[in-house]
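Colleague: Supplied in structure tokens, the structure appears directly below.
Here, each number is a calculation from the coordinates, and none is a lab measurement. A quick note: this is a predicted structure, and the numbers were derived from the prediction, not measured. Neighbour counts run over all protein chains shown; Cβ positions are idealised from the backbone, glycine included.
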Amino acid sequence: MGAIPYAGISGTGVTFRVWAGSAVSVHVVGDFNGWDDTQTPLAL
């Protein structure tokens, strides 16, 4: 779980996985979004 880098025929990127069995929402926060926990929601 967590961030998993990948490289393939379609390009490179990062897959992010988290176990959140009872979560209503999950958001990724960091410098890229000004540490705003209302931005960058992940699909559950």
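Colleague: Under the definition of Cα pairs under 8 Å and six or more residues apart, what whole-number percent is the relative contact order of the chain?
Modeller: Working: 51 pairs, mean separation 11.8, N = 44.
About 27 percent, as a whole number.
Colleague: Then there's this: For the chain, what is the convex hull (Cα atoms) projected area averaged across all directions, in square nanometres? Could you put the intermediate results ahead of the total?
Modeller: On the way: hull surface 15.4 nm².
Mean projected area of the Cα convex hull: 3.8 nm².
Colleague: Right, something else. Can you list residues from other chains, or at least 5 along the same chain, whose modelled amide H is less than 5 Å from the amide H of Val26?
Modeller: Leu42
Colleague: Once both labels are modelled 7 Å past Cα along the beta-carbon direction, what's the Val14-Trp35 spacing in nm?
Modeller: About 1.7 nm separates the two model spin labels.
Colleague: Could you sort the peptides 33-43, 15-25 by per-residue average Cβ neighbour count (10 Å cutoff), highest mean leading?
Modeller: Values: 33-43: 10.5, 15-25: 8.5.
With the highest mean Cβ count within 10 Å placed first, the list reads 33-43, 15-25.
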